[in-house]
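Below is one structure, written out as structure tokens; comments come after it.
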Amino acid sequence: MATTPTIGGVSPSRRGGMRLRQFYPVLFLVPTLGFLLLFSYIPFIRVIRDSFYWFNGTTRRFIGLDNYHHVFFREQLFWPSMWVALKFGLTGIVKVLVFPLLAAKMIHTLRRKGAAYWYRVLLILPTVVPGLVTLFIWIIFFHRDPSIGLFNSIGTAIFGKDAIVQWLSDPKVTFWSLVLIGFPWAGGFAMLIYLAGLQTIPLELYDASMIDGASSFRTFRSLEVPLIRGQLKLFVVLAIIGSLQNFTIPYIMTGGGPRFTTMVPGLLVYRRAFSENLFGYASAIAFVLFLVTMSLSYLNIRFIQSKVEY
């Protein structure tokens, strides 16, 4: 009776089935990779291509680096919008590094698990509200009429009618009004990430710090913060990217005004592309933003590294 030849004790049919199973993960990734290619990579490549053309949506003419020359040397709003993005980035870094971390630290120090659970729920609950709804609520808060606007209502009740503030139309105040959105900035995704990082620190390290007589602040500064530096670095990168991609809040709240004090690069790209049909020029601005974002993210990842291991 003939026997099926084997190699290494495994028949060819069995080896064929094993090879096929090795390709199953690849097959499941194909739809995801296809959508990424179709909706992310191809549009990105087209943006790079269009940045070298004068393109108004119908007519395309190659102009080389003229769009980039115009961005850097003739666009009156590019550098002011970058300055606004820088200010949003710096304030965003402070908001995401300080307040969620303090909230996570306070929850982490709670001894009652039930109380810690409900505090987490209370801090996460506002994130289920859609972003646009939140912005419209803040528009009501900033309303000039004291009978509608919360802040002016409180101000006039304490200081009189002279305390009315033009929260969204005064160039000296508007930027800080947008920064105020989301106050007290303690909940959300960042708080959960910080809390998860704190909970992974071994108890032995806390015991050692207590034996050494370290205070709570010293333990926080010298033990906990170094061990969650990876999370801190993540949110610095996200804050940088978010400041350069910021669009929704200035667009909804102020439209870039007053006097362009809240004009950000993303809103500038939108105006040049969809208000003036300068799609090639807007593509050049967008690609410059991509390069700036990649450079800043690389510098952060390269030089802000955690040197603490446990």
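The values are calculated or read from the model by the stated rules, or taken from the named source; none is laboratory data. The structure presented is a predicted model; accordingly, all values stated were derived computationally and were not measured. We place every Cβ from the backbone using ideal geometry, glycine too, and count neighbours over all the protein chains shown. Accessible surface is based on the protein model in full, side chains and every heavy atom, while ligands, DNA and RNA are left aside. Shrake-Rupley method; radii C 1.70, N 1.55, O 1.52, S 1.80 Å.
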[x] 1.67; [y] 1.09; [z] 1.37, with the label sought being that of the calculated Cα Rg over 2.2 N^0.38 Å: [z]
Calculate the FRET efficiency for residue 118 and residue 162 from the Cβ-Cβ distance with a Förster distance of 45 Å, rounded to the nearest 0.05. 0.60
If I model a spin label at residue 212 and residue 148 as a point 7 Å from the Cα along the Cα→Cβ vector, what separation in nanometres do I get? 5.8 nm
The chain: most fluctuating residue of 27, 232, 244 per GNM, C-alpha cutoff 10 Å: 27
With an 8 Å cut-off on Cα pairs and a minimum separation of 6 or more residues, tell me the relative contact order of the chain in percent. 27 percent
Report in % the part of the accessible area of region 71-306 that belongs to carbon and sulfur, leaving out ligands and nucleic acids; probe 1.4 Å. 68 percent
Among the lysines, select those whose C-alpha is under 24 Å from the C-alpha of residue 113, and discard any that sit fewer than 8 residues away in the same chain. 105
For residue 87, which lysines qualify as cross-link partners when the Cα separation must be under 17 Å and same-chain residues fewer than eight apart are set aside? 95, 172
Between residue 106 and residue 301, how high is the FRET efficiency from 1/(1 + (r/R0)^6) when r is the Cβ-Cβ distance and R₀ = 30 Å? Nearest 0.05. 0.55
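Please work out the average accessible area per residue across region 71-306, using the 1.4 Å probe convention, and give it in Å². Mind dumping the intermediate values first?
Details: 13480 Å² over 236 residues.
It amounts to 57 Å² per residue over region 71-306.
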Gaussian network model of the chain, springs between alpha carbon atoms under 10 Å - residue of 44, 35, 141 with greatest fluctuation: 35
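Within the chain, which DSSP H helices have Cα atoms that stretch 27 Å or more along the helix axis and a mean Kyte-Doolittle hydropathy of at least -1.0? Can you show the working numbers first?
Details: long enough: 78-109 (46 Å, 1.23); 279-303 (36 Å, 1.48).
Qualifying helices: 78-109, 279-303.
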Region 282-298-region 27-48 distance, computed between alpha-carbon centres (Å): 19 Å
Taking only Cα atoms and a 10 Å spring cutoff, compute GNM fluctuations for the chain and point out the largest among 200, 174, 293. 200
Quick one: P(r) of region 48-132 from all Cα-Cα pairs, 10 Å bins, percents rounded to integers, in order of increasing distance. 13, 22, 20, 16, 15, 11, 2
